[in-house]
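Enquirer: Handing you this structure, nothing more for now.
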Amino acid sequence: MDLFLTNGITQNSKEVQEGWIFVAIKGTSVDGHQFVKEALERGASLVYVEKEVDIQDPRIVKVEDTRKVLGELANEFFGKPSQNLKVIGVTGTNGKTTTTHLIESILNKGGIPTGLMGTIYYRFGEKIYEYEGRTTPDTVKWHKTLEQMLRDGAKAVVSEISSHALDQKRIWATKFFATLFTNLSQDHLDYHGNMEEYFRAKLKLFKEYKWDFAITNLDDPYGKRIFEELQGKALTYGKEGDLKILDFETSLEGSKLKVGWQGKSFEFFSNLRGEFQAYNLSASILVGFLFCLESDTIQEGIKQVRVPGRFETFLKDGKLAIVDYAHTPDALEKVLITAKKLTKRKLWVVFGAGGNRDKTKRPLMGSVAERWADVVIITSDNPRWEEPEEIINDILKGIENLNKVIVQKDRKEAIRFALQNAKEGDVVLIAGKGHEDYQEIKGVRYPFRDQDIVKEVFNV
């Protein structure tokens with residue numbers, strides 16, 4: 001594809017400058033084809049469209065799929081950075097952030113400078129790159145960030161790949177060293193409609209992109225489907241995987257994992273806690289082995305990792321508070337099960353659900369909380385443009401025994417109440433926001449961190 005001497009590429013007509021290429025993308029709420037005229041008036045050298053527009057101009061080029069064209073253009077413009085990096089793409093419902101942090105740390109410890117892109121930030125070493133608030137950035141930003149990390153000295157980049165990004169082809173034209181699947185459970189059905197479409201979006205990473213290795217969780221039913229779709233060409237991890245989970249123990253002190261790989265067994269220790277960590281750790285260890293790293297090096301990398309807002313613990317006067325990002329029924333259940341094992345007396349849970357997102361998971365989360373917790377406090381998460389009371393009522397629909405439920409709309413007060421009323425031996429799980437440092441209400445993001453409330457009440 002001939003880029004001529006273009007000065008830039010964009011899908012935002014407001015960014016177009018003289019000599020830039022504009023690609024019209026039909027989005028979920030806005031159609032870029034409506035802004036072709038504006039792009040031309042701003043001096044676009046080429047405008048790519050995928051449907052007819054009522055403008056006659058030799059600079060307009062009609063193609064079959066503008067999303068793919070945008071990926072190909074951005075890849076070319078930034079020098080095909082993924083060809084010169086070992087890019088690892090991690091997709092799935094839960095575990096992406098922890099797994100990418102583990103891989104980043106393992107590879108860095110192995111002498112492979114590694115960048116990270118995901119839910120919390122885009123970073124390489126101490127450098128934080130411009131973050132647009134998306135787990136996976138838009139197409140131009142994706143290839144641009146890969147190029148920046150390469151220029152700054154990265155040899156590998158590990159990234160969370162969201163189902164939205166895959167459906168919207170935001171990472172098109174990327175060459176992967178490895179694609180990795182964690183698990184699939186209900187989330188984002190407001191966008192995908194049903195679980196099958198959600199799975200099909202995830203599957204694109206393995207079916208539509210070039211990779212050297214595909215890695216999937218054989219213990220997850222959808223992970224097994226990926227293995228079958230790839231006709232056995234994927235590497236697996238799990239209780240019967242290529243990297244086999246032989247034994248796993250977790251406690252307040254951390255986790256011990258024993259795995260088998262190529263006829264040998266290896267033991268690892270991690271500060272991360274929870275039964276679900278067996279899979280995050282196993283997937284990351286497998287990537288380390290694919291980079292031909294020694295088990296001692298992998299262990300050193302694992303030892304370093306602490307992920308913000310992922311089972312983050314605070315202990316005071318015998319009371320344990322846990323802050324976790326769990327915001328799906330499956331993730332909430334897994335974290336509650338782990339927290340229950342650490343509880344000597346009562347397990348409290350404080351949670352809500354995000355506004356303007358999948359409403360069908362709300363009663364399911366309520367049901368999970370009722371099943372595992374002794375005290376359920378329902379509060380606000382990020383209500384966005386919805387009324388908090390409506391979200392809370394949706395959660396309550398999944399709960400039968402309302403005697404164990406307390407409703408406190410104000411999240412700060414809900415957390416305070418739980419921590420102040422919990423007794424020695426109790427565990428308080430504060431779920432849903434994890435690493436987030438804001439609460440979004442009516443289009444405004446107010447500064448807010450669950451951890452700050454815990455530290456204030458615990459005076460730590």
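The values are calculated or read from the model by the stated rules, or taken from the named source; none is laboratory data. Values in this document were obtained by computation on a predicted structure and should not be read as measured data. In this analysis, Cβ positions are derived from the backbone assuming ideal geometry, glycine residues included, and neighbour counts consider all displayed protein chains. Surface accessibility is based on the protein's heavy atoms, side chains included, excluding ligands, DNA and RNA. Shrake-Rupley method; radii C 1.70, N 1.55, O 1.52, S 1.80 Å.
Enquirer: Cβ-Cβ below 6 Å, separation at least six or inter-chain, first residue in region 152-167 and more than 14 Å from THR179 (Cα to Cα), second of a type in the set (Ser, Thr, Tyr) and not in a helix (DSSP H, G or I): which pairs?
Expert: Hits for this filter: ALA165/THR136.
Enquirer: Then there is this: Is there any pair with a first residue in region 203-231 that is hydroxyl-bearing (Ser, Thr, Tyr) and a second that is part of a strand (DSSP E or B) and open to solvent by less than 50 Å² (accessible area, probe 1.4 Å) whose Cβ atoms are under 6 Å apart and which are 6 or more apart or on different chains, and what are they?
Expert: As it stands, the answer is TYR209/PHE176; THR216/PHE181; THR216/THR236, since those pairs meet every condition given.
Enquirer: Just to be sure I understand, how many residues within region 112-156 are part of a loop (DSSP other than H, G, I, E, B), surrounded by fewer than 23 Cβ atoms within 10 Å (Cβ to Cβ) and among the polar types (S, T, N, Q)?
Expert: 2
Enquirer: Restricting attention to region 178-215, report how many residues are outside any loop (DSSP other than H, G, I, E, B), open to solvent by 10 Å² or more (accessible area, probe 1.4 Å) and of a type in the set (A, V, I, L, M). Full working, then the answer.
Expert: Initial filter on region 178-215 (outside any loop (DSSP other than H, G, I, E, B)): 178-181, 189-192, 195-207, 210-215.
Of the ones still in play, those that are also open to solvent by 10 Å² or more (accessible area, probe 1.4 Å) are 189-192, 195-197, 200, 204, 207, 210-213.
Next, only the ones that are of a type in the set (A, V, I, L, M) stay: 189, 195.
Number satisfying all stated conditions: 2.
Enquirer: Which residue, of LYS412, LYS340, is within 19 Å of ILE453 (Cα to Cα), surrounded by fewer than 24 Cβ atoms within 10 Å (Cβ to Cβ), within 26 Å of the chain's Cα centre (by Cα) and not acidic (Asp, Glu)?
Expert: Just one listed residue meets the conditions, LYS412.
Enquirer: Does region 423-437 contain any residue that is outside any loop (DSSP other than H, G, I, E, B) and small (Gly, Ala, Ser)?
Expert: The answer is yes; a qualifying residue exists.
Enquirer: Would a scan of region 240-262 turn up a residue that is touching an Asp or Glu at 6+ places or on another chain (Cβ under 9 Å), at positive phi and either loosely packed, with under 15 Cβ neighbours inside 10 Å or of a type in the set (A, V, I, L, M) (or both)?
Expert: Yes, the conditions are met somewhere in region 240-262.
Enquirer: Something else about it: Please work out which residue is nearest to LYS169 (Cα to Cα), limiting yourself to region 6-19 and to residues that are touching a Ser or Thr at 6+ places or on another chain (Cβ under 7 Å) and at pLDDT below 95.
Expert: Top of the filtered list is THR6.
Enquirer: Right, something else. Where residues in region 343-353 are modelled with pLDDT of 95 or more and not aromatic (Phe, Trp, Tyr), which of them is most open to solvent (accessible area, probe 1.4 Å)?
Expert: ARG345
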